[in-house]
Amino acid sequence: LSSNPCARTLAEILGHPIVATSANRSGMPNVFTVQEAKKQFAKPPQPDMLIDAGSLPEGAMSTVVRFENGSPIVLRKGAITI
């Protein structure tokens, strides 16, 4: 459940959860504004749409984990530790 009111409203309108990670390219710095995202995605591949809901607070990013054969593999360290 996102703490962002825009993301929560969008999920409610769509009627199902939205699963996503940050809007930066792999290996690039985190982005906190639409302007920063536009700079990183100036060249293809590009997102179909960007929604400007204002600046995001800077803080711990999401933890991204993949499971292989029942074992977790951390793809990106974030707020949750394993």
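Odds and ends about this structure:
- Looking across segment 21-39, the residues that are open to solvent by 80 Å² or more (accessible area, probe 1.4 Å), under 17 Å from Glu58 (Cα atoms) and not polar (S, T, N, Q) come down to Met28, Pro29.
- For segment 53-78, filtering for residues that are open to solvent by 70 Å² or more (accessible area, probe 1.4 Å) and at pLDDT below 90 leaves 7.
- Those residues of segment 17-57 which are part of a helix (DSSP H, G or I) and either touching a Pro at 6+ places or on another chain (Cβ under 7 Å) or acidic (Asp, Glu) (or both), in sequence order: Glu36
- Tally, over segment 1-16, of residues that are part of a loop (DSSP other than H, G, I, E, B), at pLDDT 85 or above and open to solvent by 80 Å² or more (accessible area, probe 1.4 Å): 1
The values are calculated or read from the model by the stated rules, or taken from the named source; none is laboratory data. These figures come from a predicted structure and were not determined experimentally. Quick reminder, even Gly has a Cβ in these numbers, built from the backbone with ideal geometry, and neighbours come from all protein chains shown. Side chains are part of the model used for accessible areas, which takes the heavy atoms of the whole protein and leaves out ligands, DNA and RNA. Shrake-Rupley method; radii C 1.70, N 1.55, O 1.52, S 1.80 Å.
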